[in-house]
Amino acid sequence: MKTRDVTQIALMTALIIALAFVPAVPVAIIPVPIVLQNFGIMLAGLLLGGKKGTISVAILMAMVAVGLPVLTGGRGGAIIFIGSTGGYLISWLLMPSLMALINKLLDRFFQRNSLSNLLFTSIFVSIVITYIIAIVWISVQSHITLEQSFFANMIFIPGDIIKAVIAAFVAKRLLPIINKNA
C-alpha cells in the first residue's frame, strides 16, 4: 500500500470521527439518534472505493471496539455493537465495498463516475441496503415486529437522502482530484 493510500484512509477516518462532534438528534420512537457520521461513511465509499473505504471504516470500528469515544455523543465500547445501533454499524462496514461494486457495475453501462451513477449508488446503498440490515437488527434487538421497526426507521430516510445527495455531489467534485496521478 502506498503512502498516498494510507494518507487517504487516515484522513477519511479522521473526517468520520470529526463528524461525531456534531450533536446527535434523539428520536423519541426509536433508541437510535440522527447522526452525521453516516455521511462520512458514504464519502468513504464514494471517494476511496471498496478496499480503502472499508479499511477506513474498519479502523473506526476497531477504535469503537476498544472503547475509544469516536461515535456521536462520545460513545465507544464493544457493547455498542450489540445495542440498538449495531445494525447500522454493521451496514457501515459493508457500505464502501457495496458502493464500489454498484458504482463499478454502473460504470460499465454509463459514463464513469457520472453524477447519476454516484447518486444512485449513494442512495441505494445508504438507504436500501443499510435500512434492510438496520430494520432487521432493531426488530430482533428491541423485540418488536419488522413492521414496527420499518415504520420507526422511516423518520431517518428524508435526512439520509439529503446526506446521500450531498455525498454524491461532493464525490463528483472531488473524484477527479483524488484520481489525478493515482
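Pairs of alpha carbons in the stretch 140-182 separated by more than 12 Å make up 70% of all such pairs. Rounded to whole numbers, the Karplus 3J(HN,Hα) couplings from phi for the stretch 86-100 are x, x, 5, 5, 4, 5, 4, 5, 7, 4, x, 5, 5, 5, 4 Hz, using 6.51 cos²θ - 1.76 cosθ + 1.60 with θ = phi - 60°, and x at Gly and Pro. What the pair-distance distribution of the stretch 90-167 shows, using all Cα-Cα distances binned every 5 Å from zero, is 3, 16, 23, 21, 16, 11, 6, 3, 1 percent. Evaluated at q = 0.09, 0.13, 0.14 Å⁻¹, a Debye calculation over the C-alpha positions of the stretch 3-179 (equal weights, vacuum) places log10 I(q)/I(0) at -0.29, -0.61, -0.71. When Rg and Dmax are taken over the Cα atoms of the stretch 33-94, they come to 11.1, 30 Å. Shown in residue order for the stretch 2-9 are the 3J(HN,Hα) couplings computed by the Karplus curve 6.51 cos²θ - 1.76 cosθ + 1.60 at θ = phi - 60°: 7, 4, 4, 5, 4, 5, 4, 4 Hz (x for Gly and Pro).
One quarter of the surface of the convex hull around the alpha-carbon atoms of the stretch 1-108 equals 7.2 nm², the direction-averaged projected area.
Bear in mind that the values in this text are calculations on the coordinates, not laboratory data. Note that the structure is predicted; figures quoted are calculated from it, not measured.
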